[in-house]
Structure formats: structure tokens, C-alpha cells
Amino acid sequence: MATDVGIRLGVDGEKEFRSALAGVNSQIKNLNSEMKTVVSSMSGMNSAEDAAAKKNDVLARSVTAVKQKISLISGEYDRAKGRLAELGTALENARQEFGENSDEALRAQKAYNKQAKTVNDLGTQLNNATADLNRMENEMNDLGDSTDDTADALDSAGNSGRYSESECPQSGDRQRRKSAGRCCTGYGRRFHR
């Protein structure tokens, strides 16, 4: 009794998966292009806050798109692993029923190997998308930290006015010296090197 254990292309939403993934990838490319535009136009921005807000907006939308991509790939990865398990069972059955080197067992082995490659490729895509997400989240955190540092420095300068010679931080905390910057009467150039 011959059984067909080959992979059937277009199984349960594979076309929809590829279409959705292509849409998300296109959206990510557009957001990357928008980010390049924002970064290149930062020199013309009136304030660092505007630049940071625009960059943060694009990053937030990029994070959302990459999360969609991860969700799509993860779902397809799980389905592919399920199909791989089914093909593994079919391979073992073909070997037992028809013999190790039978045509049926060789077709089953070929189908299993092809599905294993698909699972590995999806795993790689999933890892790459996760790395992209982590990079974007770190960039957002760094952007938030630099915005907080700028706000703290402005608050400090606004609350304390100019440092006098005796108040100017000359040692210790680098961030405090940096925020003091040129406010220190006669000492600004020494701290900004």
C-alpha cells in the first residue's frame, strides 16, 4: 500500500503568512526610511526635544511593526514544527512498512529534510526579528535616558544659575561636572575637553 508523505505547498495559510510577512517587512522598510529622514533632518530642528520626540515616535511604530513580525513568524514556526513532527512520524512509518531504502522512505526523508530546513529558516528569522526588537528597545531607552539627562541639566542650570568658583564641581561625579559645563565661571573649557 503506497502512501503519499510529501510536503504539500500552500498548506493552511502559508500564502496568507507570506503575504502578511511581506506587508510587515514593507512597513518596516518604510519606517527605516522615515527614521533616516528624521535623523538627517535633525540639524534643522529648533530643539533637541523635537528631534527626540520625532525619533521616539518612529522607533515606537517600528517596535510595534517588529512585534507584529515576531508574532507572524512565531505562529508559522509553531505550525512548521508541528508539520515536521508529522513528517517525522510518517518517515518512521514508511521505513518500518516499506524498508529503509524504499522509494516511499526516501520521499518521506526528502519531505522531512525540506520541512526541517523550513523550520530552521523560520527560527533564524525569528531570532533576527527578536534581535531587531531588542536593538530598537535599547535605542528607545537610550533616547529616553539622554532626554532625561538633558532635562535634568536644564533643571539644574535653571535652579542654580551660574556656578561660582567655589561651587564648581572639580572632581568626583563626571555627570555633575558635565552638566555644570560652561556654567562654571572660568572653568568651563577645562571640563568640556
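The values are calculated or read from the model by the stated rules, or taken from the named source; none is laboratory data. This structure is a prediction, so every number in the text was calculated from the model and none was measured. In this analysis, Cβ positions are derived from the backbone assuming ideal geometry, glycine residues included, and neighbour counts consider all displayed protein chains. Just so you know, the surface numbers come from the protein's heavy atoms only, side chains and all, with ligands and any DNA or RNA stripped out. Shrake-Rupley method; radii C 1.70, N 1.55, O 1.52, S 1.80 Å.
In whole Å, what are the extents of region 23-125 along the principal axes defined by its C-alpha atoms, from largest to smallest?
Rounded to whole Å, the extents work out to 76, 17, 17 Å.
Roughly to the nearest percent, how much of the accessible area of region 34-123 is carbon and sulfur, given a 1.4 Å probe?
The value for region 34-123 is 49 percent carbon and sulfur by accessible area.
Taking 29 Å as the cut-off for C-alpha to C-alpha distance, list the pairs among 55/117; 67/117; 15/55 that go past it. Intermediate results must be reported in sequence, preceding the final value.
Numbers: 55/117 38 Å; 67/117 24 Å; 15/55 34 Å.
Flagged as over cut-off: 55/117; 15/55.
Size of the dipole of region 58-139 about the Cα centre, Lys and Arg at +1 and Asp and Glu at -1 on the beta carbon, nothing else charged, in debye to 20?
300
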